[in-house]
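Heads up, the thing below is written out as structure tokens.
The values are calculated or read from the model by the stated rules, or taken from the named source; none is laboratory data. Treat the numbers as computed from the prediction; the structure is a model and nothing was measured. Here the Cβ is made from the backbone with ideal geometry for all residues, glycine too, and neighbour counts use every protein chain on show.
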Amino acid sequence: MDRADSTAAARLFSARFCAEGVSVSRGGARIVSNISITLEPGDVVILRGPNGSGKTTLLRAFAGLLRIDDGAIRVESAHGSSVSAPVDEPSASLIYCGPQNAAKAALTVDENLRFWAALYDAPEGALETARTAFRLEGYADRLAGALSTGLFRRLGLSRLVLARRPIWFVDEPTASLDASSSETFARYVEDHRAAGGVAVIATHDAFDIAGARKLRLAEEQAA
Amino acid sequence: MPSLYEFANPVLFERWARPAIPWLAGATALMIFAGLYYALFNSPADYQQGDSVRIMYVHVPAAWMALFCYSVIAISSAVGFIWKHPLADVAAKEAAPIGAGFTFLALFTGSLWGKPMWGAWWAWDARLTSVLILFFLYLGYMAIWRAFDDKARAARLAAILAIVGFVNIPIIKFSVDWWNSLHQPASVFRAGGPSIHPSMLPPLFLMAGAYMSFFGAALLQSMRNELSARRQARLERTDVKAASTLVEQ
Amino acid sequence: MRGLRAIIARDVTLAFRAGGGSLPAVAFFAVITVLFALAAGPDLTLMSKIAAPIIWTGALFATQISLDQIYRADREDGSLDVIVTTSGELALTAAAKAAAHWLSTGLPLILATPVLAILLNLESEAYLPLLLSLLIGTPGLSLIGSFAAALTVALPRANLLISIIVSPLYIPILIFGAGAAAAGAAGAPQYAANLSLLGAATLFTAVIAPIASAAALRSNMD
Amino acid sequence: MKKKTRRLYLAAGAFVFAAGAVALTLNALKGSITFFYLPSDIAALAAKPTAAIRLGGLVEAGSLQYGETEESGKPHVAFTVTDGETRINVAYVGLLPDLFREGQGVIVQGRFTPDGDHLDAETVLAKHDENYMPKEVADALKESGRWQETGGKAGTGSGGRN
């Protein structure tokens, strides 16, 4: 496994993620309210909370996929300890991996990888890294629709390595993974963080990363 | 805080809309009677069309209203989309069925007039076709509102469609000038003053005034109904749940 | 640019794979045309007169059946998230999606047209005007259609709503397109004017539809 | 590319497209995409069109003639359509619409006889002008000699022929 390469790739740049007083509504109802968090390079958050507490809503809002009612979201590029101005386009520094794998069943594994590589503007070398990282080498010409659920999930998660973005938002990554695949995924999160990356991982599983901040989404108490 | 969106403006709206409605309704009744009296009994027959000209007094103002209502929808939609003003969304939504009604009236009475005068119920020329397109646009706009449960989203999407469809309005207005058409060119709002004899103008303007005040009354009343229905739906909501916030574990 | 090219290439590839939209569109086009011809009866002179309008309406319906899949398929498998977050300018992405739809349905329909035209006894001098009008007009259909698809992407079944929305917006293209085909076949002076207006409608749509689609997609994210 | 520069390029691209659309529209409006041909349009053609066409113009004063009436009650009529420059003879079988008057606008649909002598009309549509007035006023205008200014341009004054 080519871990050194992926670490180097992720070290391309690092970033700080800031959310201030973010509130999000869906269908006219407020789901999450007044969320403030700052994630420094190297911060990993494990986000938990009961069903319906708004984990997915929050991650999607952070990723810029949902309109926020109030508050602000900023991404600042960080070089070592020097603080710099917010980046022009936050979406270019982050990646969101939802519960779905964003892969087309009628395309082969490789065709899916190449499509993402083009969208995330990843160099040719990143393809190979992603393939080895999630052990997809033997399946290059297999239709994604013919993969098992676990393999399909690995294909979906390989986007994280492929995209080489400093900020990851991952929703239920390990739900359909076996123990060894979960471990592999955890190792990649650790690599990412060692390289100065930021990750927020929402999960119901016992999944854990050593030294990660643990946050919980809970109903707001009447103050 | 979310209640601000639903309540704050509507309170003010209710304060002036409720007393305005009876006045507008009264004006409508008055002008419709006067207009119809003039149109049917107290205006001359046309030198060419004879008594069929009387259809015009129903038809022409209805066609004006068809364009006017769509403009109201498009402008309210733009206001609602850009400034997120909830009353603008409701106004756009409630103006649509009224506008569709006027459009249908214009098409229907035009057809009644066309058969004896032109010799055909319908002709596929620019004016008639573009008004028919307008009618379909109204239907599409109303269909969008019906399709989405989430009113805020429906408002945004319907607004986008209304603004896109607004392109049709100048095409309708100028179609008879740009293209050789079977339909007559503008008679009232045109450069060089109306080409309608003054004796025919009172019923025309009375009917237009009646339609306009009807539009005002109907719009205000249906906006009130919609606002109170939304308020009711809000109160009856059972899935109300407190929003979540982050806690460190 | 790389991302836009990839979106077009992927959508076209998918359209021609099993379960894609190209083959059904062409088949539907052929079926509509043949049914029209059967309903019109055996009068060949009448047939050659109405051939161009039949082909135009057939093309219009055939581009409509695959519209609701333009964005919905991507939304259901999560790739719409990837497309939205990675697109620098969502309007350009929407234009790329419309272009892919045209390449995978509009273009095959145009290629199928000469064959169907033979069945409809189209006069030989009418082929060029008909094909030219389709070539200029069908991109407009894909653009308008993809806008309707973006408006309705969040609805589970939207085909009926899409046809209600697109039919008024399609009418100018249908009128000028069929008008150009008819005028060109008759050698009438309205040919150039109709083609100009058809081109104007498509160009204008190419400005409005991507912007409106982008606004609709943003309002539809959840 | 910076977001601002990209937006600028996009706006420029959109402007080029929109300008193209406007130019094409203006170009089209110069020509005719008309609901009907005028007699002079027909005269300008190399040969009389063989397909069914719509012809619009004024019914020439004094040109309306009634022939025999068929058993079905439909009269044979003949009249001349003019735009002041060219005249075209029209033959029609059937009842004319109420608004059909000599000197008023008319649109006929049909095809030319093979010898190009006259147009065999399938439908006759009367075109109304933008003038509405009581009969007495029209008569008064006629008497005072100011009539031609308003009524005379009826059919051709439909606005499209700028």
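Quick notes on this structure:
- The residue that is nearest to the other protein chains (Cβ to nearest Cβ), among those in the stretch C:61-80 that are crowded, with 22+ Cβ neighbours inside 10 Å and without any contact (Cβ under 8 Å) to a residue 40 or more places away in the chain, is C:Ser79.
- Members of the stretch C:190-222 that are among the β-branched types (Val, Ile, Thr), out of contact with any Pro (no Cβ under 6 Å at 6 or more places or on another chain) and more than 7 Å from every other protein chain (Cβ to nearest Cβ): C:Thr205, C:Ile211
- Filtered by the rule that a residue be farther than 18 Å from C:Thr205 by Cβ and at the interface with chain C (Cβ under 10 Å from one of its Cβ atoms), the stretch D:3-15 gives D:Lys3, D:Arg6, D:Arg7, D:Tyr9.
Yes/no matrix, rows are residues, columns are (1) at pLDDT 85 or above; (2) within 14 Å of chain B (Cβ to nearest Cβ); (3) crowded, with 21+ Cβ neighbours inside 10 Å:
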{"site": "D:Ala44", "(1), (2), (3)": "no, no, no"}
{"site": "D:Ala51", "(1), (2), (3)": "no, no, no"}
{"site": "D:Val59", "(1), (2), (3)": "yes, yes, yes"}
{"site": "D:His76", "(1), (2), (3)": "yes, no, no"}
{"site": "D:Thr80", "(1), (2), (3)": "yes, no, no"}
{"site": "D:Ala121", "(1), (2), (3)": "yes, yes, yes"}
{"site": "D:Glu136", "(1), (2), (3)": "no, yes, no"}
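- Condition check for B:Leu87 on (1) within 14 Å of chain D (Cβ to nearest Cβ); (2) of a type outside the set (Phe, Trp, Tyr); (3) in contact with a Pro (Cβ under 9 Å, 6 or more places away or on another chain): one failure, at (1).
So that you can scan it fast, the table gives a plain yes or no per residue for (1) of a type outside the set (A, V, I, L, M, F, W, C); (2) within 14 Å of another protein chain (Cβ to nearest Cβ):
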| site | (1), (2) |
| --- | --- |
| A:Ser180 | yes, no |
| A:Arg187 | yes, no |
| A:Asp191 | yes, no |
| A:Val198 | no, no |
| A:Ala202 | no, yes |
| A:Asp205 | yes, no |
| A:Leu217 | no, yes |
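- Criterion: in contact with a helix residue (DSSP H, G or I) (Cβ under 9 Å, 6 or more places away or on another chain) and at pLDDT below 95 - qualifying residue of C:Leu111, C:Leu143, C:Leu120: C:Leu120
- Elements of type strands (runs of 3 or more DSSP E) contained in the stretch A:47-157, each with 2 or more residues being more than 12 Å from chain C (Cβ to nearest Cβ) and either in contact with a strand residue (DSSP E or B) (Cβ under 6 Å, 6 or more places away or on another chain) or in contact (Cβ under 8 Å) with a residue 60 or more places away in the chain (or both): A:70-79, A:82-86
- Boolean, C:Val166 is surrounded by 21 or more Cβ atoms within 10 Å (Cβ to Cβ) and among the aliphatic types (A, V, I, L, M): yes
- Selection status of A:Val170, β-branched (Val, Ile, Thr), buried (at least 16 other Cβ atoms within 10 Å of the Cβ), in contact (Cβ under 8 Å) with a residue 12 or more places away in the chain and within 14 Å of chain C (Cβ to nearest Cβ): yes
- Flag if B:Ala158 is under 17 Å from C:Leu169 (Cα atoms) and more than 14 Å from chain D (Cβ to nearest Cβ): yes
- Qualifying position, being more than 14 Å from chain D (Cβ to nearest Cβ), under 21 Å from B:Leu12 (Cα atoms), buried (at least 17 other Cβ atoms within 10 Å of the Cβ) and at pLDDT 80 or above, among B:Leu220, B:Leu206: B:Leu220
- Flag not set for A:Gly211, criterion: touching a strand residue (DSSP E or B) at 6+ places or on another chain (Cβ under 6 Å) and part of a loop (DSSP other than H, G, I, E, B).
- Criterion violated by B:Ser111 - all others in (1) away from chain D (no Cβ under 14 Å); (2) surrounded by fewer than 18 Cβ atoms within 10 Å (Cβ to Cβ) satisfied: (1)
- Hits in the stretch C:173-222 - residues which are over 28 Å from D:Ala11 (Cβ atoms) and not hydrophobic (A, V, I, L, M, F, W, C): C:Gly177, C:Gly179, C:Gly184, C:Gly187, C:Pro189, C:Gln190, C:Tyr191, C:Asn194, C:Asp222
- Any hit, the stretch B:108-118, residues being of a type outside the set (Gly, Ala, Ser), modelled with pLDDT under 80, more than 30 Å from C:Ser213 (Cα to Cα) and in contact with a strand residue (DSSP E or B) (Cβ under 8 Å, 6 or more places away or on another chain): yes
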